[in-house]
Amino acid sequence: MALTGRTALLAALGSLPVGILAPSWTGMLAVNAPLSLAILCDYVLAAPVRTLRFTRSGDTSVRLGDSAEVQLTVTNPSSRRLRAHLRDAWPPSSWHTGTEQAACRHKLTVPAGERRRLTTVLRPTRRGDRHAERVTVRSYGPLGLAARQGNHRVPWTVRVLPPFTSRKHLPSRLARLRELDGRTSVLIRGQGTEFDSLRDYVPGDDTRSIDWRATARQTTVAVRTWRPERDRHILVVLDTGRTSAGRVGDVPRLDAAMDAALLLTALASRAGDRVDLLAYDRRIRAQVQGRSGGDLLPALVNALAPLEPELVETDARGLSATALTSAPRRSLIVLLTSLDAAPIEEGLLPVLPQLTQRHTVLVASVADPHIQQMSTSRGTIEAVYDAAAGAQAQAQRRRTAEQLQRHGVTVVDATPDNLAPALADAYLALKAAGRL
């Protein structure tokens with residue numbers, strides 16, 4: 001049972017004259033006995049909450065930053081009208097701070113034998129799965145003095161997907177891909193190209209491209225055109241170890257790496273290449289293999305949604321062995337990790353020759369824009385010390401990148417906002433150079 005504020009107000013108003021004019025236990029009992037009887041009758045007449053039936057429907061996934069609507073249908077099988085306040089509880093990260101009260105609390109009236117549908121709007125602030133908690137119902141009697149209260153478990157899960165903010169860069173990279181692919185400019189034969197089609201000879205074309213057999217079968221001179229090789233294999237490896245948990249700007253390193261991986265996947269799939277995903281620290285955290293076409297990007301997004309950094313040191317040897325197992329043939333391995341000196345020198349460099357011997361390796365890392373701001377600060381003694389520390393950190397990252405480049409690795413080091421387009425540009429450059 002739950003008592004309302006109206007009950008407390010009536011008790012106070014009834015007891016006040018008795019306490020002032022004739023204070024006695026008999027007077028208090030004369031005032032509160034009718035009130036207690038009214039409370040008991042109100043409680044009995046309130047609709048029961050344990051027999052209520054609940055069903056859910058609505059969105060099961062939402063992109064981070066968007067809103068999802070989940071419907072809760074309340075059925076009242078009893079013979080009494082339900083007058084209730086309902087709280088549809090979800091984890092705190094399902095709303096922005098300060099908006100939970102208005103979003104999850106509902107007031108409803110359900111006549112006997114009928115049902116009503118309530119809508120809870122979720123605006124998640126973090127990736128991952130959000131599970132519905134208990135539904136708490138407080139059923140009031142007709143006088144509004146007492147209420148029945150109970151809880152129900154109504155399971156529902158909403159998966160919060162990565163925001164994929166870098167998709168705004170996809171049209172411009174697709175335009176460059178079309179130029180590279182020969183749809184807006186004619187390609188000549190070279191390393192990393194394959195035969196595309198025949199066209200009529202135009203003065204100025206390389207005579208070595210003339211197809212004499214096709215020319216003999218028709219009345220005009222035919223020339224072969226070429227395009228970059230397709231059906232290349234790309235393995236995107238996400239390092240989910242402790243270095244991926246650091247926040248750079250407003251997002252963790254892992255989230256920025258995910259955004260870059262999604263843009264690269266969307267671009268490579270449009271280019272006709274096959275993309276697989278591997279998330280690893282000391283064991284496999286997520287893996288996507290064998291997907292193509294329209295199934296690839298949704299599978300990748302769903303695999304990345306619940307992924308969180310692990311506060312452990314990444315096992316570089318295990319990562320290398322797993323990557324080699326996942327890419328048995330020559331592939332482009334894109335490793336999204338940190339450029340910190342210690343993890344690279346002690347972990348990645350000793351196993352790097354195993355990867356570069358069989359594959360083309362590209363290492364992409366998230367740079368901290370605050371360090372760049374520190375290196376340019378001047379004016380005070382503190383600012384000069386900050387500038388020295390920022391310049392030292394940048395020099396160390398450059399030395400680490402040069403060590404990787406001496407092993408034949410392509411390195412992309414960019415801030416969170418620029419990492420995704422920079423990685424896409426590096427992929428297009430490797431494709432144009434025929435290194436895939």
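Worth a mention:
- Under Stokes-Einstein, with the Kirkwood radius over Cα pairs as Rh, the value for segment 280-363 at 37 °C and 0.692 mPa s is 233 µm²/s.
- DSSP-defined beta bridges in the chain - what % are antiparallel, rounded to 5: 70 percent
- Shape summary of segment 38-185, radius of gyration then Dmax from alpha carbon positions: 22.4, 87 Å.
- Local electrostatic count at GLU133 - Lys and Arg +1, Asp and Glu -1, tallied over other residues with Cβ under 11 Å: +3
- FRET efficiency, ARG176 to LYS107 (Cβ-Cβ, R0 45 Å, nearest 0.05): 0.20
- Once the Cα-Cα distance is subtracted from the 0.36 nm per residue extended length, the GLN392 to THR60 segment shows a gain of 114.8 nm.
- Note that the chain carries a Kirkwood radius of 27.1 Å, evaluated over its alpha carbons pair by pair.
- Here segment 388-427 is treated as a sphere whose radius is the Kirkwood value from Cα pairs; by Stokes-Einstein at 25 °C and 0.890 mPa s it diffuses with a coefficient of 219 µm²/s.
- When only alpha carbons of segment 306-436 are considered, Rg and Dmax amount to 16.6, 56 Å.
- Cα pair distances of segment 320-394 binned at 10 Å [whole percent]: 17, 35, 21, 17, 8, 1
- Accessible area expressed per residue, the chain, with surrounding protein chains retained (probe 1.4 Å, Å²): 52 Å²
- Rounded to the nearest 20 debye, dipole of segment 358-404 from Cβ charges on Lys, Arg, Asp, Glu: 260 debye
- 0 to 90° range, to nearest 10: angle between helix 381-406 axis and the chain longest Cα axis: 50 degrees
- In terms of overall dimensions, segment 352-406 has a Cα radius of gyration and Dmax of 15.7, 52 angstrom.
- Nearest 10 degrees, 0 to 90: helix 416-432 Cα axis against the chain principal axis: 30 degrees
- A Cβ-based charge dipole, computed about the Cα centre of segment 79-123 with Lys and Arg at +1 and Asp and Glu at -1, lands at about 280 debye.
- Label positions at ASP129 and ARG115, each projected 7 Å from the Cα along the C-beta direction, are separated by 2.6 nm.
- Of the GluC sites (Glu not before Pro) found in segment 46-136, the ones in coil according to DSSP and having at most 13 other Cβ atoms within 10 Å of their Cβ are GLU114.
- For the chain, the dipole from Cβ point charges (+1 on Lys and Arg, -1 on Asp and Glu) about the Cα centre works out to 1600 debye, to the nearest 20.
The values are calculated or read from the model by the stated rules, or taken from the named source; none is laboratory data. On a predicted model such as this, the values are computed, not experimentally measured, just so you know. We place every Cβ from the backbone using ideal geometry, glycine too, and count neighbours over all the protein chains shown. SASA here: full protein model, heavy atoms, side chains in, ligands and nucleic acids out. Shrake-Rupley method; radii C 1.70, N 1.55, O 1.52, S 1.80 Å.
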